[in-house]
Amino acid sequence: MKTIALIIAYIITNVIVAQSVFISEEHLVLNDSIQLPGTLKFNAELKQQPLVIYIQGSGDPDRNGNQPAFNVNSDYINQLGNALAEQNIAFYSFDKRNVTKTNLKFLKQRYLFSDLATDVSKVIDEFKNDNRFNSITIIGHSQGSLVAMLAINSHIDKYISLAGLSETVDKAFVRQITNQSQELGEVAKQHADELKTTGDIKEINPYLVSLFAKVNHEFLIDYFKYNPSEEIKKIDIPILILNGTKDIQVPVDDAKALHEANPKSKLVLIENMNHVLKLITIDDDNLKSYYTADYPLSQELVTLIIKFVKE
């Protein structure tokens, strides 16, 4: 029995030694009065390591990828950060400006899409001279793909577009709504065209109020200006474009179009990965995976990111 116990202890000890020991450090970045609290995960025993900065998608997902107001608790950003930190890749994610309650009074005064890019620029500034990190890779997920493109500067070494749109967001809105209702899709196009032309929408369809409410007009007008397929052409650092074949929000055609716009990029379509980066083998599990952290992260995604960041 003692021999068995010693063998078990030996195995456990070696597993612990083999794994990276990383710590989490709370970090607050300020963009003037806007607070951007985040979490940095890194191996404190290493003198230097690569850093990944993660930019999340639309709405109000927090630094972990969760949206409590909508019961979205997939925890995918946190899980990805842990997986990378275990492989000695530091990881930083932060709460968007519309997540932190103290920012809301400022957002009521003015909130543009381009503000998201200036927030990321401030985050980059926070780490650009940090000697703990020997490179910076930025990952932009969904809406964050475009935000990251706009924020890339000389301090960024590599860029990953993860489930990013390839067209202006007004076209994406119309496409997504049309998939649900042809008639409503036509109304959405009329609303978007009217907003771009006049800066206002006289009569908003009640089924589209949540999207085209007057409070969103300034943000949307600014957002409509940017075409991801044009912005990606301006990037001259290594680019990795990733999209899951089970993504029901952003189809793989968007990833293909981004790659076509910048042929120097590398494109990989990840089999059975959905929009929240989970491995989905049964279609009925796709939406379910948004509401729980129980579904596994795509390991192919993790492997691809590790290889790209370290190569």
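The values are calculated or read from the model by the stated rules, or taken from the named source; none is laboratory data. What you see is a predicted model; the values in this text were computed from it and never measured. Because the Cβ atoms are built from the backbone with ideal geometry, glycine has one as well, and the counts that use them run over all protein chains shown.
Of everything listed in (1) farther than 22 Å from M149 by Cα; (2) of a type outside the set (V, I, T); (3) more than 18 Å from the chain's Cα centre (by Cα), the single unmet condition for P263 is (1). The residue that is nearest to the chain's Cα centre (by Cα), counting only those in region 232-260 that are in a loop (DSSP other than H, G, I, E, B) and acidic (D, E), is D247. May I ask you to verify whether G57 is in a loop (DSSP other than H, G, I, E, B), in the same structural domain as L162 (by TED's automatic domain parsing) and under 21 Å from L107 (Cβ atoms)? Taking the combined requirement at face value, the residue satisfies it.
Take K105 and tell me if it is in a helix (DSSP H, G or I), at pLDDT below 95 and charged (D, E, K, R). Yes: the conditions hold for K105.
Residues that are in contact with a Lys or Arg (Cβ under 6 Å, 6 or more places away or on another chain), among the hydroxyl-bearing types (S, T, Y), in the same structural domain as D247 (by TED's automatic domain parsing) and at pLDDT 95 or above are absent from region 143-166. Kindly check whether there is at least one residue in region 100-121 that is of a type in the set (S, T, Y), more than 20 Å from K234 (Cβ to Cβ) and not assigned by TED's automatic domain parsing to the domain that holds L277. Scanning region 100-121 turns up no residue that is of a type in the set (S, T, Y), more than 20 Å from K234 (Cβ to Cβ) and not assigned by TED's automatic domain parsing to the domain that holds L277. Total residues in region 156-206 satisfying the condition of being touching a residue at least 12 places away in the same chain (Cβ under 8 Å), of a type in the set (V, I, T) and over 30 Å from M273 (Cα atoms): the figure is 3.
Scanning region 117-166 for residues that are among the acidic types (D, E), assigned to a helix (DSSP H, G or I) and touching a strand residue (DSSP E or B) at 6+ places or on another chain (Cβ under 8 Å) yields D119, E126. Among residues of region 265-285 being in contact (Cβ under 8 Å) with a residue 12 or more places away in the chain and surrounded by fewer than 20 Cβ atoms within 10 Å (Cβ to Cβ), the one that is nearest to Y76 (Cα to Cα) is N272.
Inclusion of G81 among residues that are assigned to a helix (DSSP H, G or I), under 19 Å from the mean Cα position of the chain (by Cα) and at pLDDT 95 or above is warranted. Restricting L287, L297 to residues that are aliphatic (A, V, I, L, M) and under 15 Å from L162 (Cβ atoms) narrows the list to L297. A count restricted to region 216-256 and to residues that are surrounded by fewer than 17 Cβ atoms within 10 Å (Cβ to Cβ), in contact (Cβ under 8 Å) with a residue 40 or more places away in the chain and of a type in the set (A, V, I, L, M) stands at 1.
The rows are residues; the columns are (1) surrounded by 17 or more Cβ atoms within 10 Å (Cβ to Cβ); (2) out of contact with any helix residue (DSSP H, G or I) (no Cβ under 8 Å at 6 or more places or on another chain); (3) acidic (D, E).
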{"residue": "I139", "(1), (2), (3)": "yes, no, no"}
{"residue": "S145", "(1), (2), (3)": "yes, no, no"}
{"residue": "M149", "(1), (2), (3)": "yes, no, no"}
{"residue": "Y159", "(1), (2), (3)": "yes, no, no"}
{"residue": "T168", "(1), (2), (3)": "yes, no, no"}
{"residue": "T178", "(1), (2), (3)": "no, no, no"}
{"residue": "S181", "(1), (2), (3)": "no, yes, no"}
{"residue": "T197", "(1), (2), (3)": "no, yes, no"}
